[in-house]
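The values are calculated or read from the model by the stated rules, or taken from the named source; none is laboratory data. Because the structure is a prediction, the values reported are computed rather than measured. Virtual Cβ from ideal backbone geometry, glycine too; neighbours counted across all protein chains shown. Ligands, DNA and RNA are excluded from the accessible area calculation, which covers all protein heavy atoms including side chains. Shrake-Rupley method; radii C 1.70, N 1.55, O 1.52, S 1.80 Å.
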Amino acid sequence: MKTKLLTLCIALLIFSCKEDKEKPDKKREVQQYTINQFMDNEAVGGGSFSPDNSKLLISSNRSGIYNAYTIPTKGGEMTPITQSDTTSYFANAYFPNDERMLISADGNGDEIDHLYVRETDGSIKDITPVEGAKADFYGWSKDDKYLYYGSNKRDPKYFDVYKMSIEDYSSEMLYQNNDGMDFSGMSEDENYFALSKTVNTNDSDLFIYNATTKETTKINDNMSGNSAQDFSKDNSKFYYTTDDGSEFSYLMSYDLETKEKKKEIEKSWDILGASFTSNGSYMTVFVNEDGKNAIEVLDTETMQPIDLPDFGDKSITSVSFSDDEKWMRMYVGGSNTPSDLYTYNLETNEQYKLTDVLNDEINPEDLVTAQVIRYKSFDGVEIPAIYYLPQQASEDNKVPAMVWVHGGPGGQTRQNFSSLIQYMVNQGYAVLAVNNRGSSGYGKTFYQMDDKNHGEKDLQDCVEGKNWLATQPEINGDKIGIIGGSYGGYMTMAALTYTPEEFDVGVNIFGVTNWMRTLKSIPPYWESFREALYKELGDPYSADSVRLKKISPLFHTDKVTKPLIVLQGAKDPRVLQVESDEIVAGVRKNGVPVEYVLFEDEGHGFIKKENQIEAYSKIIEFLDIHLKKENEPIDGETPSKKIETEE
């Protein structure tokens, strides 16, 4: 099976102050840009080579929403493959031997993804049309006659594994998931299936199912975090990462015949992933190095890294190969620049830049590079954070600041580019992205520190981040707010509720406010992860409900005294709209200024540029009024404002 390494990187960003080396005592003048200019940056993803290597299939939001495009391998104009103005389409892959293309889409953020084929005549066909069922692409068969996919059409809770003929799109089930396992990979001979069972949010058990003998073998011996990576091309070995006996994940091999285990690669950070190219000549290894992707491509004969192009202060953030292993596509970027798509010919060593996604109107020197900092929390625990300081900030020109909290729980703010953060910094707001205890990427001990402690010690880490900001000579310590999305939105509301005098404003982007309701309304296709969430956060059907109510801001809105803006997607299946409706209503009773931005055509995250522009501009307008300027007294009669945005 030709596996496709999917890296998600939900996460957000990092900053540092640039000094003018020619005039060290004087700050360079920074041009300020509009949100429209920042959102004119193009976001590009994917990159599947056509069978003849002449083109790549990619996704781009240049039209305002995501559509599929092709682009010549050596550069040239992008050709639209889908031209939707309502539903976003994402590129998966070219078919192995012809010009058909596999793409996917959901219903405007409802996360019910279907697989579609773009036929050679330009028509688009839904090949997984079961209403309400999700479908995920797993890869192509070794003989190129089938595609593999997962679907929960049989049981909404569990994903079975299917094999679909690419000739007539008929399907047969290869593995029926009766035990709540997660499919994690398959050998190319279809005999071995890698399956995982979540124990808690850090630990998972890993199994190999033998389709011939019907035997299931557990791979890990101890409670640990384990993740399937790939099978060797000769179907003799299985590769996986584990943190057994270590703070960080390392790469292991498992001999499927002898059951012998061997440590293959270990780094001083988590190995996030490892996969073989189509013919097995190379192995790509991804490492989470202090919140930044570090990538090695190893020659599998020597297991030594091959030379990759040097991009100076930019990093290679993602790579994949053509089926014949002659071409590699790369994404290259950094915290201060969005990632561009490059191709590289491994035979000629020629490289080509295919995209230029930064808006031409933006001077790259006006953007800010992330700076990784660390500070001590209230109990001495060291907290890593990513800092963006506006170039115009100085001791004589102090700026307001925002503490940024990532999603999760268990997420990580990484050193990636974010248009929103760069826009905030460009407008004169410093941003400290806190990786509070419970964040991933810093060892499993740190990751587990917030278990059944949410809204308490992790919140204090954010408060200490605010205190660190207040000690910086370029920061106005009297004007510091807090912002976050999803779990970060919860932390925003927890901060305004449980530490009401610490932060001056709050920006809640689809944040959880009632843990009991959220944990009870988990989508059915999260069933395999539900118990793990209950172990970390608490079981809403048990005595834990007392604590869950205690840490749910919705029940304590009378404590909120600082201005608040809430942003929400009506189709969000994870944090329901009612969460935001109710928190807004509750806080308004205090006479506190509240703005509410509701998008009828978005889910958990805002995808459409028109909506992103609206959302981000409202955030800055709110901060300009309530943080940058002197706040007006709140007298109980301050009018609240609700902004509802519909397409």
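General observations
- When residues of the stretch 97-125 are limited to those that are part of a loop (DSSP other than H, G, I, E, B) and closer than 18 Å to G46 by Cα, the one modelled with the lowest pLDDT: D106
- Those residues of the stretch 557-572 which are surrounded by fewer than 21 Cβ atoms within 10 Å (Cβ to Cβ) and either within 29 Å of the chain's Cα centre (by Cα) or within 14 Å of V512 (Cβ to Cβ) (or both), in sequence order: A570, K571
- Which numbered condition L496 fails, given (1) closer than 21 Å to S552 by Cβ; (2) touching a helix residue (DSSP H, G or I) at 6+ places or on another chain (Cβ under 7 Å); (3) open to solvent by less than 10 Å² (accessible area, probe 1.4 Å): (2)
- Hits in the stretch 220-253 (condition: over 22 Å from T284 (Cβ atoms) and over 28 Å from the mean Cα position of the chain (by Cα)): D221, N222
- Positions within the stretch 126-141 being surrounded by fewer than 16 Cβ atoms within 10 Å (Cβ to Cβ) and in contact with a Lys or Arg (Cβ under 8 Å, 6 or more places away or on another chain), in sequence order: V130
- Residue check, K163 among the charged types (D, E, K, R), part of a strand (DSSP E or B) and in contact with an Asp or Glu (Cβ under 7 Å, 6 or more places away or on another chain): yes
- Test: residue in the stretch 249-256 that is farther than 17 Å from G180 by Cα, open to solvent by 50 Å² or more (accessible area, probe 1.4 Å) and at pLDDT 95 or above: no
- Considering residues of the stretch 319-338 that are at pLDDT 95 or above and of a type in the set (S, T, N, Q) only, the residue least open to solvent (accessible area, probe 1.4 Å): S322
- In the stretch 209-236, the residues that are open to solvent by 20 Å² or more (accessible area, probe 1.4 Å) and not in a strand (DSSP E or B): A211, T212, T213, K214, D221, N222, M223, K233, D234, N235, S236
- Among the residues listed as M283, M303, the single one being touching a strand residue (DSSP E or B) at 6+ places or on another chain (Cβ under 9 Å) and under 25 Å from R414 (Cα atoms): M283
- Those residues of the stretch 126-160 which are assigned to a loop (DSSP other than H, G, I, E, B) and in contact with a His (Cβ under 6 Å, 6 or more places away or on another chain), in sequence order: T128
- Residue check for T513: β-branched (V, I, T), open to solvent by 10 Å² or more (accessible area, probe 1.4 Å) and not in a helix (DSSP H, G or I): no
- Qualifying residues in the stretch 590-605 (those that are more than 22 Å from I112 (Cα to Cα) and open to solvent by 10 Å² or more (accessible area, probe 1.4 Å)) - the one nearest to the chain's Cα centre (by Cα): E595
- The residue of the stretch 98-123 that is farthest from D168 (Cα to Cα), among those that are buried (at least 19 other Cβ atoms within 10 Å of the Cβ) and hydroxyl-bearing (S, T, Y), is S104.
- Selected residue (criterion: surrounded by the fewest Cβ atoms within 10 Å (Cβ to Cβ)) from residues of the stretch 260-284 that are of a type outside the set (F, W, Y) and under 16 Å from G441 (Cα atoms): S268
- Single residue of the stretch 185-208 satisfying the filter (outside any strand (DSSP E or B) and either of a type in the set (S, T, Y) or within 23 Å of the chain's Cα centre (by Cα) (or both)) that is farthest from S246 (Cα to Cα): S187
- Just one residue in the set G455, G489, G484 is in contact with a Ser or Thr (Cβ under 9 Å, 6 or more places away or on another chain), at pLDDT 95 or above and not in a helix (DSSP H, G or I); that residue is G484.
- The stretch 454-477, subset under 26 Å from the mean Cα position of the chain (by Cα) and charged (D, E, K, R), residue surrounded by the fewest Cβ atoms within 10 Å (Cβ to Cβ): E456
- Test: residue in the stretch 301-318 that is basic (K, R) and touching a residue at least 60 places away in the same chain (Cβ under 8 Å): no
- When residues of the stretch 339-369 are limited to those that are assigned to a loop (DSSP other than H, G, I, E, B), touching a residue at least 24 places away in the same chain (Cβ under 8 Å) and of a type in the set (S, T, N, Q), the one most open to solvent (accessible area, probe 1.4 Å): N363
- Of the criteria (1) open to solvent by less than 10 Å² (accessible area, probe 1.4 Å); (2) under 20 Å from P523 (Cβ atoms); (3) part of a helix (DSSP H, G or I), which one Y534 fails: (1)
- Tally of residues being part of a loop (DSSP other than H, G, I, E, B) and touching a residue at least 24 places away in the same chain (Cβ under 8 Å) across the stretch 54-75: 7
- Whichever residue in the stretch 606-624 is in contact (Cβ under 8 Å) with a residue 40 or more places away in the chain, under 16 Å from D572 (Cα atoms) and among the hydrophobic types (A, V, I, L, M, F, W, C) and, among such residues, is least open to solvent (accessible area, probe 1.4 Å): A615
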